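Before any comments, here is the structure.
The values are calculated or read from the model by the stated rules, or taken from the named source; none is laboratory data. Everything numeric here is computed off the predicted structure, so don't read it as measured data. As a convention, Cβ positions derive from the backbone with ideal geometry for all residues, glycine included, and neighbour counts pool all protein chains shown. Note: accessible area is taken over every heavy atom of the protein model, side chains too, but ligands, DNA and RNA are not part of it. Shrake-Rupley method; radii C 1.70, N 1.55, O 1.52, S 1.80 Å.
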Amino acid sequence: MNKKIPVQISPYIRTQYSYEKLKICRSCGNFTVLGDEECGACGKSALVPAQERAAYLTGRSAWLERLLALVLWGAGIGLGTNDMEWAVAGAAGLILMVLLIVMQNKFAETRYRHQLARLFKRGEEQLVEGLGIDHDEAIEVFKEGDKPLAYEMLREVGMLVRTDQLRMEQILLLQSFILRKDMDLMLEPLLTHRFSADLVEYIGELAKVRKDLIKEKAFRYVLVHELQILRMEQGEQILTRVAGAAVRMKRYVIMYPHLLVRYAGKLPKDRFLRLCMILKSEPARNWGEVGIEVYAIFNARYKHDPEFQSLGGMTFLAGSTRYSRH
């Protein structure tokens, strides 16, 4: 097993839309998400943000329309044969020009969005090719030994190219790092469609340092692959950590009772105390099998523990035995 290394990872800069980080080359039309100064395809310093390019094209289209309107306005005046016709043509042209500008301003945002969509649709091949070049650059950086930078590059590409291969590359790099609570880590974007022991080990690490990242999709992933996880060397320990992360919120206890029923007895004292406090916060609820299991564990291990005295003996759970399994 490779020794894990301490690293510093730059925080991920989040945007409302993932495409906001894309740049396009004015020369060859290729895309990149890595923020490079030079285009990876043609080598020219012609990269601009895709949004900026779409705004430029939208503005250029508007000015071309105005120029055409001016030409038609001038042609209308030129075709007049007397003062009356010139005046009518001039007034009509002025009104149409004002209306054109008003309508352009009114629909400017819609036109911009349409232009942005056209930019990506027309450049679909260049987008795929450009992100492929970005991926290859990240692999080269990894081969050169700069693992943190390689991860950061793959993280950027992975937000646009959602494949299990890219997810696994990021996970394998993360698993070579010493993970800390202060790191800007992520989980849900890295969940694969199939079982992965490396992903499960990463989830287990997060359950120690960043319980807040274990959410619904992660719980579902773990439950779907529970039997395979149990076959792993540290599988039961990882599942226990995940169960410990579930007691962070009451709704997780309600949503995933079977996970807690199976691993409540293996929870560390502080996590079991947290679970008891959640059940105590809503004593009128029928906690079902979770209540039965917690009550049994409490009586067997913690009934006389001073830290649990404030819970009042958990006597409200005694009635849960009526709902025991048959």
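With the requirement that a residue be part of a loop (DSSP other than H, G, I, E, B), open to solvent by 40 Å² or more (accessible area, probe 1.4 Å) and touching a residue at least 40 places away in the same chain (Cβ under 8 Å), what does region 1-20 give you? Explain how you work it out, then say what you get.
First, pick out the residues of region 1-20 that are part of a loop (DSSP other than H, G, I, E, B): 1-4, 6-17.
So of that shortlist, the ones also open to solvent by 40 Å² or more (accessible area, probe 1.4 Å) come out as 1-4, 6, 8, 10-11, 13-17.
Residues satisfying the conditions are Asn2, Lys4, Pro6, Gln8, Ser10, Pro11.
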Residues located in region 201-227, provided they are over 19 Å from Arg271 (Cβ atoms) and of a type in the set (A, V, I, L, M): Val224, Leu227
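Right, Gln175: of a type in the set (S, T, N, Q), in contact with a helix residue (DSSP H, G or I) (Cβ under 8 Å, 6 or more places away or on another chain), surrounded by 20 or more Cβ atoms within 10 Å (Cβ to Cβ) and on the phi < 0 side of the Ramachandran plot or not?
no
Could you please find all residues in region 59-97 being of a type in the set (D, E, K, R) and farther than 29 Å from Leu116 by Cα? Please lay out each step first, then the result.
Filtering region 59-97 for residues of a type in the set (D, E, K, R) gives 60, 65-66, 83, 85.
Within region 59-97, Asp83, Glu85 qualify.
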Consider Leu185 against the criteria (1) open to solvent by 10 Å² or more (accessible area, probe 1.4 Å); (2) closer than 15 Å to Val7 by Cα; (3) in a loop (DSSP other than H, G, I, E, B): it satisfies all of them except one. Which criterion is unmet? (1)
Looking at region 156-171, which of its residues are surrounded by 17 or more Cβ atoms within 10 Å (Cβ to Cβ) and farther than 21 Å from Ile24 by Cβ? Leu166, Arg167, Glu169, Gln170, Ile171
Residues satisfying the stated conditions in region 273-319, i.e. open to solvent by 50 Å² or more (accessible area, probe 1.4 Å) and among the small types (Gly, Ala, Ser): Ser281, Ala284, Ala296, Ala300, Ser310
Among the numbered criteria (1) outside any helix (DSSP H, G or I); (2) surrounded by 13 or more Cβ atoms within 10 Å (Cβ to Cβ); (3) in contact (Cβ under 8 Å) with a residue 24 or more places away in the chain; (4) small (Gly, Ala, Ser), which single criterion is violated by Ala55? (1)
For region 29-45, enumerate the residues that are surrounded by fewer than 16 Cβ atoms within 10 Å (Cβ to Cβ) and among the hydrophobic types (A, V, I, L, M, F, W, C). Cys42
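Please pick out the residue among Leu64, Leu68, Leu100 that is in a helix (DSSP H, G or I), touching a Lys or Arg at 6+ places or on another chain (Cβ under 9 Å) and closer than 30 Å to Gly123 by Cβ.
Details: Leu64 fails: touching a Lys or Arg at 6+ places or on another chain (Cβ under 9 Å); Leu68 fails: touching a Lys or Arg at 6+ places or on another chain (Cβ under 9 Å).
The match here is Leu100.
Taking region 1-45 as the region of interest, how many residues are closer than 20 Å to Glu124 by Cβ and either in contact with a helix residue (DSSP H, G or I) (Cβ under 7 Å, 6 or more places away or on another chain) or not hydroxyl-bearing (Ser, Thr, Tyr) (or both)? Quick ask: steps written out before the conclusion?
Filtering region 1-45 for residues closer than 20 Å to Glu124 by Cβ gives 17-34, 39-42.
From what is left, the residues that are either in contact with a helix residue (DSSP H, G or I) (Cβ under 7 Å, 6 or more places away or on another chain) or not hydroxyl-bearing (Ser, Thr, Tyr) (or both) are 19-26, 28-34, 39-42.
Residues meeting the conditions: 19.
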I want to confirm something. Restricting to region 126-153 and keeping residues that are touching a helix residue (DSSP H, G or I) at 6+ places or on another chain (Cβ under 7 Å) and not aliphatic (A, V, I, L, M), which single residue is most open to solvent (accessible area, probe 1.4 Å)? Phe142
So, first residue open to solvent by less than 10 Å² (accessible area, probe 1.4 Å) in region 193-221, second residue among the aromatic types (Phe, Trp, Tyr), Cβ within less than 6 Å, six or more apart or across chains; the pairs are Phe219/Tyr256
Name the single residue, out of those in region 222-253 being within 25 Å of the chain's Cα centre (by Cα) and open to solvent by 30 Å² or more (accessible area, probe 1.4 Å), that is farthest from Val294 (Cα to Cα). Val224
Considering only region 258-272, how many residues are open to solvent by 40 Å² or more (accessible area, probe 1.4 Å), more than 11 Å from Val247 (Cβ to Cβ) and under 31 Å from the mean Cα position of the chain (by Cα)? 2
Checking Thr110 against (1) at pLDDT below 90; (2) loosely packed, with under 13 Cβ neighbours inside 10 Å: exactly one of these is not met. Which one? (1)
Within region 21-38, does at least one residue satisfy the condition of being under 30 Å from Met186 (Cα atoms), of a type in the set (Ser, Thr, Tyr) and assigned to a loop (DSSP other than H, G, I, E, B)? no
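Criterion first (within 32 Å of the chain's Cα centre (by Cα), of a type outside the set (D, E, K, R) and open to solvent by less than 90 Å² (accessible area, probe 1.4 Å)) does Ala91 satisfy it?
Numbers: within 32 Å of the chain's Cα centre (by Cα): no; of a type outside the set (D, E, K, R): yes; open to solvent by less than 90 Å² (accessible area, probe 1.4 Å): yes.
No: the conditions fail for Ala91.
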